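*Asks:* I have a structure I would like to understand better, so I am pasting it below and will then ask my questions one at a time.
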Amino acid sequence: MIDQLFGSKTRVKLLQLFYSNPNRSFFVREITRKIDEQINSVRRELANLLSIGIIISKNENNKLFYEVNPRFEYNGALSNIFANKKNVGNDSPDNSNDMYNFKSLGHIDLALLTGQFTHDEISGVDLLIVGDINKNKMDKFILELESKENKAIRYAVMDLDEYNYREQVKDRFISNIIKSKKQVLIDKSKVLLDQDI
């Protein structure tokens, strides 16, 4: 039904991908892989979304990246329709936090993507996980994520007490993460509730 309303299955998949990952940037080949659509169809729909103003593009290292335009007039409404849908793509780690298999890692209070996922290197890491984590399972998780994303992942893991202490003493690492462009996947303890995210 949404395909009919929005006129294109590819357009719907793109909107679901972008609004499920509002701070992430994607390049064309990555998008085609994540939503399992033909590259010509993806390029045509990206051009449509750009012309409307729903997404924006930026050129980095001779690659064109696309992401949600936070200033688009109907951003909130589209986010309500498309955010966190589970049918974005067959193998996308971005369509659902369940795909990250966080449950197997232990108790997680906070998980967020930043760095190369959001094209903001201020934090110095790509993934931060705060909680009581099983180290062996975390190592396996990172290997699987690196394989899925086809890139090395810089990550940091700490328990909630350490995070709270470092945030309280204005630790530079935590301050940079709070300031960085990020996609919060889990915030069970409302760790970032008072922060500008």
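Where a number appears in this text, it was derived from the coordinates with a stated rule and is not lab data. Given the structure is predicted, the values throughout are model-derived calculations rather than measurements. Quick reminder, even Gly has a Cβ in these numbers, built from the backbone with ideal geometry, and neighbours come from all protein chains shown.
*Asks:* How do 28, 125 rank when sorted from fewest to most other Cβ atoms within 10 Å of their own Cβ?
*Replies:* 28, 125
*Asks:* Moving on to the next point. Would you mind checking which residues have amide H under 5 Å from residue 182's amide H? H placed 1.01 Å from N; only 5 or more apart, or other chain.
*Replies:* For residue 182, no residues qualify.
*Asks:* With each pseudo-label sitting 7 Å past Cα toward Cβ, what's the residue 77-residue 149 distance in nm, one decimal?
*Replies:* Result: 3.4 nm between the two label points.
*Asks:* Report the label-to-label distance for residue 156 and residue 172 in nanometres (one decimal), using points 7 Å from each Cα along the Cα→Cβ vector.
*Replies:* Each label point is offset 7 Å from its Cα along the Cβ direction, giving 1.1 nm.
*Asks:* Okay, moving on. Of 140/182; 63/137; 9/188; 13/140; 137/181, which sit over 31 Å apart, Cα to Cα?
*Replies:* 63/137; 9/188
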